[in-house]
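The values are calculated or read from the model by the stated rules, or taken from the named source; none is laboratory data. From a predicted model like this one, the values you see are computed outputs, not experimental measurements. When we count neighbours, we look across all protein chains shown, and the Cβ atoms used for this are built from the backbone with ideal geometry, even at glycine. Accessible surface areas use protein heavy atoms only, side chains included; no ligands, DNA or RNA. Shrake-Rupley method; radii C 1.70, N 1.55, O 1.52, S 1.80 Å.
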Amino acid sequence: NAGVTQTPKFRVLKTGQSMTLLCAQDMNHEYMYWYRQDPGMGLRLIHYSVGEGTTAKGEVPDGYNVSRLKKQNFLLGLESAAPSQTSVYFCASGRGGSYEQYFGPGTRLTVT
Amino acid sequence: AQKITQTQPGMFVQEKEAVTLDCTYDTSDPSYGLFWYKQPSSGEMIFLIYQGSYDQQNATEGRYSLNFQKARKSANLVISASQLGDSAMYFCAMRGRGWSGNQFYFGTGTSLTVIP
């Protein structure tokens, strides 16, 4: 039982490049989330999904796209990376309601 | 709009003493949930405790308790008998309605340092 895993752990991109971050969970959770964490700003929700095939925008969705083709996977895409997207990205999954979210280890992304 | 406020950027506590980390929230939803997470220097997010808006009693989990004052919209975390391993960032979070009721909002965090 690996919990929530994220790939890759680190990445450096040049402005304008694209990439996809992969999040996988093996807990059969319905809900999955992508956050970014910036110094002094806590975690901010980018996009989330309440089930396979459904996604919704969070607090800071601009510049990102997501897909949930399989229940266990939640992909976060950056089509044209910008320096403002330099951040640590966390994926999380959960059962919703009063249940907590389980977080992945994070991906540190630097855009130069 | 949903909002979480943590006004203490940094806190110090002597080992074995108790410490309270403040959290206030703003919501117009009648139903919501409040969470506390710990983030050590290694970076992972660790769930500590949960309080539902309709729960009559304050939540407790081992050395952690949540001082929930609904009328004041506060959900302070109390750590008793602090240990060196408690040194970390602590985040208060709220689950609000949003679209389908699954948006989470995090505060900016409080950095706790436990002094031996």
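In region B:23-50, the residues that are closer than 20 Å to residue B:84 by Cβ reach residues that are open to solvent by 30 Å² or more (accessible area, probe 1.4 Å) and hydroxyl-bearing (Ser, Thr, Tyr) with C-beta atoms within less than 7 angstrom, at least six apart or across chains, in these pairs: B:48/B:64.
Among residues belonging to region B:42-76 that are hydroxyl-bearing (Ser, Thr, Tyr) and at pLDDT below 95, point out the one that is nearest to residue A:5 (Cα to Cα).
Among those that are hydroxyl-bearing (Ser, Thr, Tyr) and at pLDDT below 95, it is B:42.
Candidates B:47, B:35: the one that is within 20 Å of residue B:5 (Cβ to Cβ) and either open to solvent by 60 Å² or more (accessible area, probe 1.4 Å) or among the hydrophobic types (A, V, I, L, M, F, W, C) (or both) is B:35. Selection of region A:31-45 for residues being aliphatic (A, V, I, L, M), within 17 Å of residue A:93 (Cβ to Cβ) and either at the interface with another protein chain (Cβ under 9 Å from one of its Cβ atoms) or surrounded by fewer than 21 Cβ atoms within 10 Å (Cβ to Cβ) (or both) yields A:43, A:45. Considering only residues in region B:62-87 that are within 14 Å of another protein chain (Cβ to nearest Cβ) and open to solvent by 10 Å² or more (accessible area, probe 1.4 Å), the one that is farthest from residue B:52 (Cα to Cα) turns out to be B:64. In contact with a strand residue (DSSP E or B) (Cβ under 8 Å, 6 or more places away or on another chain), closer than 14 Å to residue B:104 by Cα, open to solvent by less than 60 Å² (accessible area, probe 1.4 Å) and not basic (Lys, Arg): is that true of residue A:63 in this structure? Here the answer is no, as residue A:63 does not meet what is asked.
Here is a yes/no grid of residues against (1) more than 22 Å from residue B:43 (Cβ to Cβ); (2) open to solvent by less than 30 Å² (accessible area, probe 1.4 Å); (3) free of Cβ contacts under 8 Å to residues at least 60 places away in the same chain:
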{"position": "A:29", "(1), (2), (3)": "no, yes, no"}
{"position": "A:47", "(1), (2), (3)": "no, yes, yes"}
{"position": "A:52", "(1), (2), (3)": "yes, no, yes"}
{"position": "A:68", "(1), (2), (3)": "yes, yes, yes"}
{"position": "A:96", "(1), (2), (3)": "yes, yes, no"}
{"position": "A:106", "(1), (2), (3)": "no, yes, no"}
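The residues in region B:1-26 that are farther than 23 Å from residue A:44 by Cα and either open to solvent by 80 Å² or more (accessible area, probe 1.4 Å) or not hydrophobic (A, V, I, L, M, F, W, C) (or both) can be counted, and the count is 6.
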